[in-house]
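Report on the structure given below.
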Amino acid sequence: MTPSSTHIVLIPSYNPGPKVYDTVRSARQQWSPVWVVVDGSDDGSAEGLQRLAEDDAALRVVVLPCNQGKGAAVLRGLDLAAAEGYTHVLTVDADGQHPVERIPAFMAASMQDPEGMILGVPVFDASAPLLRVRGRQISNWWANLETLWAGIGDSLYGFRVYPVAPLRELMHMQRWMRRFDFDPEAVVRLCWRGVRPVNLAAPVKYFRPEEGGVSHFNYWRDNVLLTWMHTRLVVGFLLRLPLLLVRRLRQTFCAA
């Protein structure tokens, strides 16, 4: 497989359990290069991933000294990608929930539309917790309101291709988007900047603990974080509403 000079797979990882090795190996079968940012893990996965990388020049493992959050891990990857001339990153969760076999299709869509962001829209099976599914419907409604219904298919699903430059600039301008709030806030703020969402279906699988599944989602803590995030975004939406209305009218006029 010829390594891409523009697009990389970026896997933020924090105490992911044994599924991370299957995720990384499968991602490497689909794409080159693949980077893993280990976000202060203390479960031995950093050492295991580094051993994998010793025999694979297209696999890079970056180890952060302490846990900083998913968004912070992604930002570290964005900074390194920009420094080496990469223009896009496809983020993949380390826990095996995301369909790595869809990586080539998402990358192809991004190359056809490099100004857009390619958003995975989850296709759930019976393994999906009902509370999580309904909870994301609420977050999706708020995200679409905050962007004046710009077309966000799903605000929380982290399997997506971002253009590096606007996302990196956005994150360096403010201190939010460093933890669980990264995925929904990134997509809303990029929409505000005029980055168009392109939605592609992508299956999602939730693994039980006995299957090696690991979840760091905390219903109380993370829902409070999301509530505070949407409060900030609603304020930002109201401040930007005239601009968003003008943009929507232009889009409607051009499409007519």
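The values are calculated or read from the model by the stated rules, or taken from the named source; none is laboratory data. Just so it is clear, the model here is predicted, and its values are computed rather than measured. Note that each Cβ is placed from the backbone with ideal geometry, even for glycine, and that neighbours are counted across all protein chains shown.
Is it the case that some residue within the stretch 89-104 is surrounded by fewer than 21 Cβ atoms within 10 Å (Cβ to Cβ), under 16 Å from Val37 (Cβ atoms) and touching a Pro at 6+ places or on another chain (Cβ under 7 Å)? Scanning the stretch 89-104, I find no residue that is surrounded by fewer than 21 Cβ atoms within 10 Å (Cβ to Cβ), under 16 Å from Val37 (Cβ atoms) and touching a Pro at 6+ places or on another chain (Cβ under 7 Å), so the answer is no. Taking the stretch 166-176 as the range and being surrounded by fewer than 23 Cβ atoms within 10 Å (Cβ to Cβ) and either part of a loop (DSSP other than H, G, I, E, B) or under 15 Å from the mean Cα position of the chain (by Cα) (or both) as the test, the residues that pass are Pro166, Arg168, Leu170, Met171, Gln174, Arg175, Trp176. The C-beta contact set for the stretch 64-76 (first residue at positive phi, second residue part of a loop (DSSP other than H, G, I, E, B), distance under 6 angstrom, 6+ apart or interchain) comprises Gly69/Arg178; Gly69/Arg179. Sub-8 Å Cβ pairs linking a first residue in the stretch 229-244 that is under 14 Å from Thr147 (Cβ atoms) to a second residue that is β-branched (Val, Ile, Thr), at least 6 apart or interchain, are Leu233/Val188; Phe237/Thr147; Leu244/Thr147, ordered by first then second residue.
I'd like the full set of residues that are of a type in the set (Gly, Ala, Ser) and in contact (Cβ under 8 Å) with a residue 24 or more places away in the chain, limited to the stretch 106-143. Ala109, Ser110, Gly116, Gly120, Ser127, Ala128, Gly135, Ser139, Ala143 - these are the residues of the stretch 106-143 that are of a type in the set (Gly, Ala, Ser) and in contact (Cβ under 8 Å) with a residue 24 or more places away in the chain.
This table checks each residue for (1) farther than 18 Å from Met177 by Cβ; (2) β-branched (Val, Ile, Thr); (3) in contact with a helix residue (DSSP H, G or I) (Cβ under 8 Å, 6 or more places away or on another chain); (4) part of a helix (DSSP H, G or I).
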{"position": "Pro16", "(1), (2), (3), (4)": "yes, no, yes, no"}
{"position": "Tyr21", "(1), (2), (3), (4)": "yes, no, yes, yes"}
{"position": "Glu47", "(1), (2), (3), (4)": "yes, no, no, yes"}
{"position": "Asn67", "(1), (2), (3), (4)": "no, no, no, no"}
{"position": "Ile103", "(1), (2), (3), (4)": "yes, yes, yes, yes"}
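Scanning the stretch 164-196 for residues that are touching a residue at least 40 places away in the same chain (Cβ under 8 Å) and farther than 23 Å from Gln68 by Cβ gives Cys191, Trp192, Gly194, Val195, Arg196.
Looking across the stretch 58-93, the residues that are over 17 Å from the mean Cα position of the chain (by Cα) and modelled with pLDDT under 95 come down to Pro65, Cys66, Asn67.
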